[in-house]
1. What is the angle, in °, between the Cα long axis of helix A:174-200 and the longest principal axis of the Cα atoms in chain A? Nearest 10 is fine, range 0 to 90.
2. If we restrict to alpha carbons, what Rg and Dmax does the protein assembly as shown come to, in Å?
3. Got a sec? Which residues in the range A:293-311 would a label at residue A:282 touch, if it sits 7 Å along Cα→Cβ and we count backbone N under 17 Å?
4. Compute the acute angle (0 to 90°) between the alpha-carbon long axis of helix A:299-318 and the principal axis of greatest extent of the alpha-carbon atoms of chain A; round to the nearest 10°.
5. Take chain A, connect every pair of alpha-carbon atoms lying under 10 Å apart with a spring to form a Gaussian network, then pick out the residue of A:361, A:197, A:318 with the largest mean-square fluctuation.
6. Rounded to the nearest 0.05, what FRET efficiency do residue A:35 and residue A:290 have when you use their Cβ-Cβ distance and R0 = 56 Å?
7. Over all alpha-carbon pairs of the range A:7-103, lay out the pair-distance distribution in 10 Å bins, whole %, shortest bin first.
8. Using Cβ contacts closer than 10 Å as the measure, can you line up B:42, B:131, B:4 from fewest to most?
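What follows draws every value from the coordinates through simple rules; no lab data is involved. Predicted model, so just to flag it, every value in this text is computed and none were measured. Neighbour counts run over all protein chains shown; Cβ positions are idealised from the backbone, glycine included.
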């Protein structure tokens, strides 16, 4: 009855009876596109939640208070510094550093003092409720310590002050952070000037000829060539042909520089192009030549844009792992490299190595390291966006 | 007068010098491309002097490091293919859907928030995705497969393919979004004027116009998936496996390159040199994909006279 009434209302020769179905289809389509967008964002949320959930526990690490005896015997074999029943629950790597402690505080020699000693990684994992390999007798000791308040978790400073270690509780990111800084200094020192100069040439000097187009095609291609192939280039040319030291920040930096180059060129060109032509014409009108106009007027105006692009390029280079693995930057590096020619590792490569370890604590530390790395990357991006907003000029 | 002349000369010389330096800098990018090509090509030629090219392309046994080692890369290509298809199967619908929503439906204000959010996905380093694939997604795949009575390995192609697909969503969404927005508004208005719904306008008018750009984005994503290394090294298998079952472990070109080069073989041994032969294949394939993609987008730009892409 109602239906017929409706039909009567639409007694219009142009009325399309399929209209409702078509509108339904359109709204289904709209919802599908929305769903795919929501999927991406939900994934991002789940992903961050998962990483943070895995990484947060690694910022705390267990310490136990035990008596540490320091004498000739325990200096010789540091395991003897603690009582036999405690040997399994304290960190061996920590004990191995007792000679260094004595150098710092010689008054501790031939004494027995109660000290907060780093716990073994298995004790830490047991306290956090993860999988552990503690024996029953060690568990009773740990439980007893816990009741007496002789066991506590502290902020995990080791994560930032130590280099890599074969003992999970003693491993840190320090040497990788230094390696990353050295590598990125080389990268930017090479890629920034070359990238900006290329952009200036292409935007301000080059005519529209075959050579220019060839360069442009090359740059676009370089941006899309798989990263691992840059590693093959580094291996074949820098290491085998030029004989530069393998695993060094020098080779890593030079390899990453070639990868960062297209990013810097493209963003610098965009920044130069955004400078209005009236600035150039005014300069020429005052009798300046091309180089003076570019150097004194165009470049300063384009600089914020160039800087923003370079920071984004830096962030990109910072997370790159594949080419660095090829040139050997995944070696075991316990000490921070002192120069750009020494063997080093970088942060993502360190995380890559840890992620492959069987011990639960390495996995935890990988997630924590990822949090550190992502924080740095997000800060770099935020700085870039801030600079762009602050110096953006509306012409 | 003569000082003026000499100053002018000096200035012209300076100008030439600066221009020359700038050209020199611009040449670096050409040198890099050829550096990559030749460094890979020469070592690959060394490899093909030791082993047959034909067997490399068509052989099905990849067994480095043993006596009578064989280098038939077909299972490696197949594994790469399977993982890449999974990745694109995730990335193209989701990336394109997100791009359509952002460019056609979302208000400009909302779009300003959504776009950077998607670009965060592009800024996450691959080692992070690899960790996520190996530690979280792979066990999840095993569990889900078990619950439906299937058997999956912890190095399944499915886990690394899905995560890789999510990783390349921004590659597709960002470029597609730009292309769809570059479609002239007059086309949409004409379609509305003819009484088409918004959905029909998008499907029948906007998307076909933007198709070259969308294909270009998908080819770029394909080339990215083929060359992605860390995610598959961390989450996919090491065993060359000629199979179509995505729940099995399989290996890729990039994984094999990494394994060949971190091993303890002599640089001149076929084991190490095989990495360069695989690298050459990867280089040629990605170069062709990039070239097609770039020429498609250039034609689109010329046709609709946009220069924001």
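1. Here the helix axis deviates by roughly 20 degrees.
2. Both quantities, over Cα of the protein assembly as shown: 29.8, 107 Å.
3. Counting only backbone N, you get A:293-303.
4. 50 degrees
5. Fluctuation is largest for A:197.
6. On the way: r = 54 Å, r/R0 = 0.96.
Calculated value: 0.55.
7. 12, 19, 12, 11, 10, 9, 8, 7, 6, 5, 1
8. Values: B:42 11, B:131 29, B:4 8.
Starting with the residue having the fewest Cβ neighbours, the order is B:4, B:42, B:131.
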